[in-house]
Amino acid sequence: MYKTRGMGVGRKLKSHRRRQRWADKSYKKSHLGNEWKKPFVGSSHAKGIVLEKIGIEAKQPNSAICKCARVQLIKNGKRLLLLYPMMDEVLIAGFGRKGHAVGDIPGVRFNFVKVSGVSLLALFKEKNNMLDTAEIDWVVFSFKIQFISQVSYFLGCFSTS
């Protein structure tokens, strides 16, 4: 179907464009107001308290039990599921595919960034001894996993297959 032409068709063109604009993903995201219904309520990070530790099985064909935790956000009381070390207060950030689960772990959309106010890099370099050695070992291991996955994703973007 062709675009309407001629004199006096301005209203028709304008209203058609207004209707079609809702098919654009970014326009819809910015105008529906769903950003305020998400757990972080517009921010990139949030603090939370760990409620329970859970082991979640990976999807087929992989088999693993990943250490996850259910966390309650301090700012609004919403509960999330995230990949997690064995600590009690964490700073959480989303990771991956714009709010969707990543990889073979269903329902896990968030990852921790800080543990008890200490960044992962400081724990990795052992600059802060707030945590005991078993917890530090787990944090260092998970930091290495995150770093390796980010580097492999970055290198995968440039591979020619």
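The values are calculated or read from the model by the stated rules, or taken from the named source; none is laboratory data. As the structure is a prediction and not an experimental result, all values here were calculated from the model. Glycine gets a Cβ as well: all are built from the backbone with ideal geometry, and neighbour counts include every protein chain shown.
Structure data summary
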{"quantity": "Any hit, the range 92-106, residues being touching a His at 6+ places or on another chain (Cβ under 7 Å), within 30 Å of Gly117 (Cα to Cα) and surrounded by 10 or more Cβ atoms within 10 Å (Cβ to Cβ)", "calculated": "yes"}
{"quantity": "Residues being at pLDDT 90 or above and over 30 Å from Leu73 (Cα atoms) - total across the range 4-45", "calculated": "20"}
{"quantity": "Single condition Met1 does not satisfy, out of (1) modelled with pLDDT under 85; (2) hydrophobic (A, V, I, L, M, F, W, C); (3) closer than 30 Å to Leu121 by Cβ", "calculated": "(3)"}
{"quantity": "Some residue of the range 129-142 being surrounded by fewer than 15 Cβ atoms within 10 Å (Cβ to Cβ), out of contact with any helix residue (DSSP H, G or I) (no Cβ under 6 Å at 6 or more places or on another chain) and modelled with pLDDT of 60 or more", "calculated": "yes"}
{"quantity": "Residues within the range 1-51 that are in contact with a Ser or Thr (Cβ under 9 Å, 6 or more places away or on another chain) and among the hydrophobic types (A, V, I, L, M, F, W, C), tallied", "calculated": "1"}
